[in-house]
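S.K.: Please see the structure below; I have some questions.
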Amino acid sequence: MKLFIDTADPREILTARDWGVLDGVTTNPSIISRGGKDMQATLQKVLDASPGPVLCQAVGWDDRATLAGQARWLHRLSHRIVVKLPMSPAGIQALLLLKKEDPGMQIAITLVCSVAQAYLAAKAGADMVALFAGPLDQVQDQEVDLVAPVRRMLDVQHYATQILACGRYPRSFGEFAVAGAHICTLRFEFISLLYEHPFTEKRMRGFSADWQATFGAATWPTAGT
């Protein structure tokens, strides 16, 4: 499973990239709007910082021509952009039109909240479906199990569409990986939490205390590269 960061802040992207595990970036209209008044400059900074694909969403949801026009412009700007279209009749219509024009254009259908919606997107030729399992998990009493059934549907129907799951917690990240998501996107603070566990820190502090009690600040000798 690939790990994407959900942000338009180049500093967050570069920090996560420096950790060595980042594959790409996701954005949405709300995230881009936080980058300032110059939307193109914000997007370009994201492209410059990202180690891989950048998902960028067309604005609107009910006008096929407007969505398709924005998708063409984004694709011309950079072939690393995966255009996100909304889960709506107009979004699916724009997807069908764009795939007919250019089968190589990478397109994701976003705000997918059910297996039925994922099926429609895959049938229309979406390269990815962005499942909002994490946000749904925050507003329901029971855990949301969306990734696993969508993955089973895609496998049974022989669709090559990839699953992008939006997570909120380290627990969901692990569950998405087990359930078969191809990509998980997390905000910076949640990526940071993936590295953390109270037992890990407790045990490492114990190792350090035992070592220092005998050897002080000494370490094993180091070898040059």
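S.K.: Search the stretch 186-204 for residues that are in contact (Cβ under 8 Å) with a residue 60 or more places away in the chain and pair each with any residue that is in a helix (DSSP H, G or I) and surrounded by 15 or more Cβ atoms within 10 Å (Cβ to Cβ) when their beta-carbon atoms are under 7 Å apart and the residues are at least 6 apart or on different chains.
M.R.: Sorted first by the residue in the stretch 186-204, then by its partner, the pairs are Leu186/Phe173; Phe188/Glu12; Phe188/Ala16; Ile191/Ala16.
S.K.: Still on this structure, I have one more. Output the residues belonging to the stretch 65-105 that are crowded, with 20+ Cβ neighbours inside 10 Å and touching a Pro at 6+ places or on another chain (Cβ under 8 Å).
M.R.: Answer for the stretch 65-105, where residues must be crowded, with 20+ Cβ neighbours inside 10 Å and touching a Pro at 6+ places or on another chain (Cβ under 8 Å): Leu67, Ile81, Val82.
S.K.: Closer than 28 Å to Ala122 by Cα and acidic (Asp, Glu), is that true of Glu175?
M.R.: Numbers: closer than 28 Å to Ala122 by Cα: yes; acidic (Asp, Glu): yes.
So Glu175 fits the description; yes.
S.K.: Let me ask another. When you check Asp48 against the structure, is it under 18 Å from the mean Cα position of the chain (by Cα), of a type in the set (Asp, Glu) and surrounded by fewer than 16 Cβ atoms within 10 Å (Cβ to Cβ), yes or no? Don't jump to the end; show me each part of the working.
M.R.: Working: under 18 Å from the mean Cα position of the chain (by Cα): yes; of a type in the set (Asp, Glu): yes; surrounded by fewer than 16 Cβ atoms within 10 Å (Cβ to Cβ): yes.
Yes: the conditions hold for Asp48.
S.K.: Condition check: over 27 Å from Gly174 (Cα atoms) and surrounded by fewer than 18 Cβ atoms within 10 Å (Cβ to Cβ). Does Ser33 satisfy that? Reasoning before the result, please.
M.R.: On the way: over 27 Å from Gly174 (Cα atoms): yes; surrounded by fewer than 18 Cβ atoms within 10 Å (Cβ to Cβ): yes.
For Ser33, the condition - over 27 Å from Gly174 (Cα atoms) and surrounded by fewer than 18 Cβ atoms within 10 Å (Cβ to Cβ) - is met.
Laboratory data are not the source of any read-out in this text; all were calculated from the coordinates shown. Note that the structure is a prediction, hence the values are computed from the model and not measured. Note that we place each Cβ from the backbone using ideal geometry, even for glycine, and neighbour counts take in every protein chain shown.
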